[in-house]
Structure formats: C-alpha cells, structure tokens
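Right, one structure below, let's go through it.
The values are calculated or read from the model by the stated rules, or taken from the named source; none is laboratory data. These figures come from a predicted structure and were not determined experimentally. Here the Cβ positions follow ideal geometry from the backbone for every residue, glycine too, while neighbour counts run over all protein chains shown.
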Amino acid sequence: MIPDLKDQEHLIRLSEKGIYLEGNILKVITSDNEPYTKYLQEAISKDRETRRKRLEITKQVQEQNYELLKSQESNEQLLRELKEALQDAERAKLTAETDLDLLQKRIQYELMGMIVRTALGIILGVCVISTVLYIIAIYKNQELALIGNTWSSMLGILLTNSFSIVGTIMGVKYATERPK
C-alpha cells in the first residue's frame with residue numbers, strides 16, 4: 001500500500017512534532033519517496049522501541065502481581081493463624097474465668113462453714129455455761145425466779161441469733177450465685 005504524496009507530506013510534518021504511525025500498518029506501507037522511506041524506517045524503529053517498553057512494563061506488572069499474590073497468600077495465612085490464636089485465647093479466658101469462679105465459691109463455702117461452726121460453738125458454749133450456772137443455782141437453793149427468767153430469755157436470744165446468722169449466710173450464698 002502506497003499513500004499519496006499529500007498524505008506522505010502530512011505524516012512527515014506530524015513526525016516533526018513527534019507523532020508517528022504505529023502498529024501493523026507499518027508492515028504494509030511502502031514508498032519510493034526518499035523522505036517518506038526515512039519516515040517509515042524511523043516510525044518502525046520507534047514502534048519497536050515502544051513495543052519493547054510496553055513488554056518490559058507488562059513483565060514488571062506481571063512480576064508485581066505475582067509478588068502481590070504471594071504476599072496476599074501469606075497475609076491470609078497470618079490472618080488464619082491470628083484467628084486461631086484469638087480463639088485459643090478466648091477458650092483460655094473462659095477456662096480461667098471458670099476456674100476463678102470455682103475457686104471463689106470454694107473459698108466462700110469454706111468461710112461460711114467456718115463462720116457457722118464458730119457461731120454455733122459460741123452459742124452452744126453460752127447455753128452450756130448458762131445451763132450449768134442454772135443447775136448450780138438450783139442445788140444451792142438460790143433465787144430461781146430471776147435466774148430462770150434470765151436463762152430462758154438468754155436461750156431464746158441465742159436461738160434467734162443463731163437462726164439469724166444462718167439465714168444471713170444462706171442469703172449471701174444465694175445472692176452471690178450467678179443465674180444459669
């Protein structure tokens with residue numbers, strides 16, 4: 001294919017501005033005109049250079065894409081490992097909370113048992129002592145009316161206080177339990 005002289009002149013003028021034909025059209029264009037032949041050779045040279053640069057850029061982009069894919073796989077693996085570590089930490093936290101709760105309940109039950117035993121021991125001790133004193137007063141024929149009234153009042157108060165202590169401890173026990 002040979003373009004007419006007017007088109008050849010236009011293309012040569014465009015080349016002065018740095019604009020050349022590109023692509024497969026350069027393979028089919030021929031000319032007998034010396035300036036236009038130089039233009040075609042220069043256009044073919046520039047086309048080869050442009051294609052080489054594009055190929056280099058394409059290779060760089062492909063390499064970067066490959067590296068990005070590798071880093072994405074690595075990031076996904078790290079993300080999976082982090083999720084597993086987070087799940088392990090959550091399980092460990094739940095286990096620690098359960099163990100702590102059991103330990104607190106055990107200590108609480110032991111403390112309540114000790115309080116109840118101590119309170120009942122004191123109550124029994126006072127009851128025994130006051131009963132012994134009442135019996136001694138009976139044998140010695142002392143004033144029994146005042147001692148008897150005092151003795152029954154004291155036993156009533158001790159009995160009421162013992163129920164109050166046990167009730168308070170049981171209330172604390174049930175108030176501190178977590179609902180299931």
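Quick notes on this structure:
- Residues that are surrounded by 10 or more Cβ atoms within 10 Å (Cβ to Cβ) and more than 60 Å from the chain's Cα centre (by Cα) do occur in the range 44-54.
- Evaluation of L82 against (1) within 30 Å of G171 (Cα to Cα); (2) at pLDDT 90 or above; (3) of a type outside the set (V, I, T) (one fails), failing number: (1)
- Among residues of the range 10-40, those that are over 24 Å from R51 (Cα atoms) and surrounded by 15 or more Cβ atoms within 10 Å (Cβ to Cβ), counted: 1
- When N33 is tested against the conditions (1) of a type in the set (S, T, N, Q); (2) under 30 Å from V166 (Cβ atoms); (3) in contact (Cβ under 8 Å) with a residue 24 or more places away in the chain, the lone failure is (2).
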